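Here the structure is laid out as structure tokens; the discussion comes afterwards.
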Amino acid sequence: GENVEQHPSTLSVQEGDSAVIKCTYSDSASNYFPWYKQELGKRPQLIIDIRSNVGEKKDQRIAVTLNKTAKHFSLHITETQPEDSAVYFCAATPYNFNKFYFGSGTKLNVKP
Amino acid sequence: GAGVSQTPSNKVTEKGKYVELRCDPISGHTALYWYRQSLGQGPEFLIYFQGTGAADDSGLPNDRFFAVRPEGSVSTLKIQRTERGDSAVYLCASSLTSGETQYFGPGTRLLVL
């Protein structure tokens, strides 16, 4: 099955700086890559996703890039704010988007 | 509109007991998923329903775990003879149909003493 690895496990940045979280996957059949934000005790919330026919996608301060050849994808958050502090999970899914394989999460701390 | 809801929000039980966890998907969503999230880990896939049938139950850890969705809407995850290792947050998600974005519920935090 698919194996998703996520780095770093923790990331601390100063407010206004950029944050980058990286994930690798093993199954070349994976074709959908969502990113979820999970605040303490809350449900995972989808923040951005990308499909394998696209190399980059941007939504305001958040962007995701995908390198299918290298089998890795990254989340970029610019101009970070304290409310960006949360745990971020990447996921990958092959065929039909039915079974998500999640990374182990990155705890982002944005210091005011 | 209303999102995915799960009940109870917290469940404490004793080792060996039986528990049921309920998920109400977003209205009109035909696909429903169960995940388990242990502390400090990402969600782990358990089972997926398309309509009333379990299309993929490959993530269920053993035969103590079972899930149903008799009318294609509400789903119940059932755990028999609970063990301390079953303690985790059980998340439910739904999507309009298979292949669409999954929206998560708030989870049920299960603690087996």
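The values are calculated or read from the model by the stated rules, or taken from the named source; none is laboratory data. Because the structure is a prediction, the values reported are computed rather than measured. Cβ sites come from the backbone with ideal geometry, for glycine too, and all protein chains shown count toward neighbours. Accessible surface areas use protein heavy atoms only, side chains included; no ligands, DNA or RNA. Shrake-Rupley method; radii C 1.70, N 1.55, O 1.52, S 1.80 Å.
Among the residues in the stretch B:3-20, are any of a type in the set (Lys, Arg), part of a loop (DSSP other than H, G, I, E, B), touching a strand residue (DSSP E or B) at 6+ places or on another chain (Cβ under 8 Å) and open to solvent by less than 10 Å² (accessible area, probe 1.4 Å)? Among the residues of the stretch B:3-20, not one is of a type in the set (Lys, Arg), part of a loop (DSSP other than H, G, I, E, B), touching a strand residue (DSSP E or B) at 6+ places or on another chain (Cβ under 8 Å) and open to solvent by less than 10 Å² (accessible area, probe 1.4 Å), which makes the answer no. If you go through the stretch B:34-51 and keep only what is in a loop (DSSP other than H, G, I, E, B) and not polar (S, T, N, Q), you end up with B:Leu39, B:Gly40, B:Gly42, B:Pro43, B:Gly51. Looking at the stretch A:15-26, is at least one residue of a type in the set (S, T, N, Q) and farther than 21 Å from B:Gly99 by Cα? Yes, that holds for at least one residue. The stretch B:52-113 holds strands (runs of 3 or more DSSP E) entirely within its bounds, and those carrying 2 or more residues that are over 19 Å from B:Lys15 (Cβ atoms) and in contact (Cβ under 8 Å) with a residue 60 or more places away in the chain map to B:88-95. Within the stretch B:95-113, the set of residues being at pLDDT 95 or above and of a type in the set (Ser, Thr, Tyr) comprises B:Thr108 only. Among the residues of the stretch A:5-22, is any at pLDDT 95 or above, within 10 Å of another protein chain (Cβ to nearest Cβ) and open to solvent by 40 Å² or more (accessible area, probe 1.4 Å)? Scanning the stretch A:5-22, I find at least one residue that is at pLDDT 95 or above, within 10 Å of another protein chain (Cβ to nearest Cβ) and open to solvent by 40 Å² or more (accessible area, probe 1.4 Å), so the answer is yes.
Conditions (1) modelled with pLDDT of 95 or more; (2) closer than 26 Å to B:Thr30 by Cβ; (3) surrounded by 15 or more Cβ atoms within 10 Å (Cβ to Cβ), marked per residue:
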{"residue": "A:Ile48", "(1), (2), (3)": "yes, yes, yes"}
{"residue": "A:Ser52", "(1), (2), (3)": "no, yes, yes"}
{"residue": "A:Ile62", "(1), (2), (3)": "yes, no, yes"}
{"residue": "A:Glu83", "(1), (2), (3)": "yes, no, no"}
{"residue": "A:Thr93", "(1), (2), (3)": "no, yes, yes"}
{"residue": "A:Lys99", "(1), (2), (3)": "no, yes, yes"}
